[in-house]
């Protein structure tokens, strides 16, 4: 990574951190682009080069988490059962959330409170499910049941993740997020594809 790219990444991270700090202290609606710019000592125009809207600040963190999920899934063994791969990838993503729990608790509260941001997250989740299905379909197997499972399993895992995150936020991160997810997964049963 070049020095310029490192500087851009550092500026982006500073903007994200400043935005989330302001949102946590004063609320999403009350936080402005100019306040975010002022906190990092850049112009509002600079903020808008990184994020077209305040919603994009929140969505960018969601996109980062989803990228972690996809990267993890692509590294899983091709012969691993789909549910095991999806659970492992979800755990990797949620562990990254846990590592930055203050940020992600704030983000998830904003998502729950702001319908426009919630809708954008749902759109991103649907697009991610389609990508995951494509990755799973490229694995060995085939047939109608295989295709059905590969379309259904990502939606099930994302639903379990959504419930786990919701519970984690409701209890203000009192329990580790991966632990909440593991408990939620234990309530779901996946049928083997060869049954």
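The numbers here are math on the coordinates, done by the rules we state, and not lab data. All figures in this text were calculated on a predicted structure; none of them were measured in a lab. Quick reminder, even Gly has a Cβ in these numbers, built from the backbone with ideal geometry, and neighbours come from all protein chains shown.
Pairing the Cα long axis of helix 82-99 with the longest principal axis of the chain, what angle in degrees results, from 0 to 90 and rounded to the nearest 10?
In the chain, helix 82-99 runs at an angle near 20 degrees to the longest axis.
Kindly express, to the nearest 10 degrees and within the range 0 to 90, the angle between helix 54-75's C-alpha long axis and the longest C-alpha principal axis of the chain.
Its long axis makes an angle of about 30 degrees.
Quick one: what Rg and Dmax do you get for region 84-195 from the alpha carbons, in Å?
Computed over the Cα atoms of region 84-195, radius of gyration and Dmax are 15.1, 44 Å.
Along each of its three principal axes, how wide is the spread of alpha-carbon positions in the chain, in whole angstrom units, largest first?
Principal axes ranked by extent give 60, 40, 26 Å for the Cα atoms.
Put a dot 7 Å past each Cα toward the Cβ at residue 100 and residue 163; how far apart are the dots in nm?
Label at residue 163, label at residue 100, 2.8 nm between them.
Taking the alpha carbon gyration tensor of region 67-149, what are the square roots of 5 times its eigenvalues, largest first, to the nearest whole Å? Could the numbers behind the result be given before it?
On the way: eigenvalues 156, 53, 13 Å².
Rounded to whole Å, the semi-axes are 28, 16, 8.
Using only the alpha-carbon atoms, how far is helix 101-113 inclined from the longest principal axis of the chain? Give it as 0 to 90 degrees, nearest 10.
Tilt of helix 101-113: around 90 degrees.
Please work out how much length the chain gains when fully extended from residue 134 to residue 21, using 0.36 nm per residue of separation minus the C-alpha to C-alpha distance, in nm with one decimal. Don't jump to the answer; show the numbers that get you there.
Details: separation 113, 0.36 × 113 = 40.68 nm, distance 3.71 nm.
Fully extending the segment from residue 134 to residue 21 adds 37.0 nm.
Equivalent ellipsoid semi-axes for region 1-52, as square roots of 5 times the alpha carbon gyration tensor eigenvalues: give them largest first, rounded to whole Å. The partial results should precede the final answer.
Values: eigenvalues 91, 24, 13 Å².
The answer is 21, 11, 8 Å, longest axis first.
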